[in-house]
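Worksheet: one structure, shown below.
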Amino acid sequence: MTTGTPRYPSRQHDLPPPETEVVHSLRVACDGNGAGGHPRVWLAIDPQQGWVDCGYCDKRFVLEGDGH
């Protein structure tokens, strides 16, 4: 058994952070923006949470003025 550096180090930090968009509505649409996008999906923001993430591209929609 060996200890020390993992054999396959995590590449999590090599990825850019997901995009965030401030919105004014509880219902938003996301299509992935651009040629490599995804099917348009409609998302609902829970007013108590104040944000929702797209299940395809991880883009976060934040309700303006929510304080989160």
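Read-outs throughout are calculated quantities, based only on the coordinates presented, and are distinct from any laboratory measurement. Quantities reported herein were computed from a predicted structural model and do not represent experimental measurements.
When DSSP assigns beta bridges and you keep just the ones with both residues in region 18-63, what percent turn out antiparallel, to the nearest 5? About 65 percent, rounded to the nearest 5. All C-alpha to C-alpha distances of region 18-63, sorted into 5 Å bins beginning at zero, yield P(r) values of 6, 24, 35, 24, 8, 3, 1 percent in whole numbers. Contact order for region 18-63, expressed relative to its length and based on alpha carbon pairs under 8 Å spaced 6+ residues apart, stands at 46 percent.
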